[in-house]
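The values are calculated or read from the model by the stated rules, or taken from the named source; none is laboratory data. This is a predicted model, so every value here is computed, not measured. Cβ sites come from the backbone with ideal geometry, for glycine too, and all protein chains shown count toward neighbours.
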Amino acid sequence: MQHRAAFAAHTHVSHFCLFMPATERRKVVLVGDTNCGKASLLSVFVKGRFPEVSNGMAFEDCQASLDVGTEEVQLTLWNTSGHENYQHLRSISYVDADVFVICFSIDEHSSLESATEKWAKEVRKNSLQVPLILVGMKSDLRDNMEGKPVPVLVSEAEGKNAASSIGAFAYIECSARLCQQVREVFELAVLAANSRQRGQRSIHPRSKIGKTITEMKSTSQHGGESSVGGAKFNSNGAV
């Protein structure tokens, strides 16, 4: 279990100092169908452990800090309920969001359909200009099913195409159970939020979206231009 704890976002009490720069703050809201893996993603990121049993909470919010490059970012993380009965309460949680993380389970095509036809439309209706990232959950199923009869999983290409169709900033897959690409999901969320704060456009809906955020770690900067996951950015946004 120790390797899982290493993935947890570190949290601490901040003390005011006149000469220290203000900590960046971002509100990250997770949406998606019930049981798609949102709560597990949040638990592994914040607590460093995979929840074997659901906590049963309809809504959950917590605080975490994340070092992204040379900046420390204070995150307010909201996990929202996927039940129809909570639509009004969800809309309240969307207020002042800096980025939406739309989650779906790769073992259910209906979950991906909900991501594009329900969740993307719902958050756009409430927060038109807030960037989105699309996250394929339970990516460990691709490896665990080798040599076994398998359900037809959503392919990475399908996930990327779906992200493109809703104008998402990017697409990434992760496994909360194996702690794979968990931190990267939130690094990417911060990157998307920062692009809006700095007046940049998100990745164009028809732009190429990189395979995973792992490529983000090899970000190169040349003359004010950087590349992330195959898409290039400068002060004017996607190029």
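Of the listed requirements (1) in a strand (DSSP E or B); (2) at pLDDT 85 or above; (3) crowded, with 16+ Cβ neighbours inside 10 Å, Leu112 misses just one: (1). Scoring Ile102 on the criteria (1) part of a helix (DSSP H, G or I); (2) within 14 Å of the chain's Cα centre (by Cα); (3) closer than 20 Å to Phe169 by Cβ; (4) not polar (S, T, N, Q) leaves a single failure, condition (1).
One line per residue, one yes/no per condition, for (1) of a type outside the set (Val, Ile, Thr); (2) at pLDDT 90 or above; (3) farther than 23 Å from Ala176 by Cα; (4) not in a loop (DSSP other than H, G, I, E, B):
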residue	(1), (2), (3), (4)
Ala22	yes, no, yes, no
Val29	no, yes, no, yes
Leu41	yes, yes, no, yes
His88	yes, no, yes, yes
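Condition check ((1) within 17 Å of Glu113 (Cβ to Cβ); (2) surrounded by fewer than 21 Cβ atoms within 10 Å (Cβ to Cβ)) across all residues:
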{"site": "Leu153", "(1), (2)": "yes, yes"}
{"site": "Ala163", "(1), (2)": "yes, no"}
{"site": "Phe169", "(1), (2)": "no, no"}
{"site": "Ser175", "(1), (2)": "no, no"}
{"site": "Val185", "(1), (2)": "no, no"}
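Among the listed residues Val135, Val185, Val123, identify the single one that is aliphatic (A, V, I, L, M) and not in a helix (DSSP H, G or I). I'd like the intermediate steps shown before the answer.
Values: Val185 fails: not in a helix (DSSP H, G or I); Val123 fails: not in a helix (DSSP H, G or I).
Exactly one residue qualifies, and that residue is Val135.
Give region 44-78 a look and list any residue that's of a type in the set (Ser, Thr, Tyr) and modelled with pLDDT of 80 or more, or say none. Residues satisfying the conditions are Ser65, Thr70, Thr76.
Across region 78-109, the number of residues qualifying as of a type outside the set (D, E, K, R) and in contact (Cβ under 8 Å) with a residue 60 or more places away in the chain comes to 11. Does Cys62 satisfy the criteria of being in contact with a helix residue (DSSP H, G or I) (Cβ under 8 Å, 6 or more places away or on another chain), free of Cβ contacts under 8 Å to residues at least 40 places away in the same chain and outside any loop (DSSP other than H, G, I, E, B)? Yes: the conditions hold for Cys62.
Hey, could you check region 111-129 for residues that are out of contact with any helix residue (DSSP H, G or I) (no Cβ under 7 Å at 6 or more places or on another chain) and among the aliphatic types (A, V, I, L, M) and say which is nearest to Cys36 (Cα to Cα)? Of everything passing the filter in region 111-129, Ala120 is nearest to Cys36 (Cα to Cα).
Tyr171 falls short on exactly one of the conditions (1) assigned to a helix (DSSP H, G or I); (2) at pLDDT 95 or above, and that condition is (1).
Taken over region 130-151, residues that are modelled with pLDDT under 90 and either on the phi < 0 side of the Ramachandran plot or surrounded by 17 or more Cβ atoms within 10 Å (Cβ to Cβ) (or both) amount to 9.
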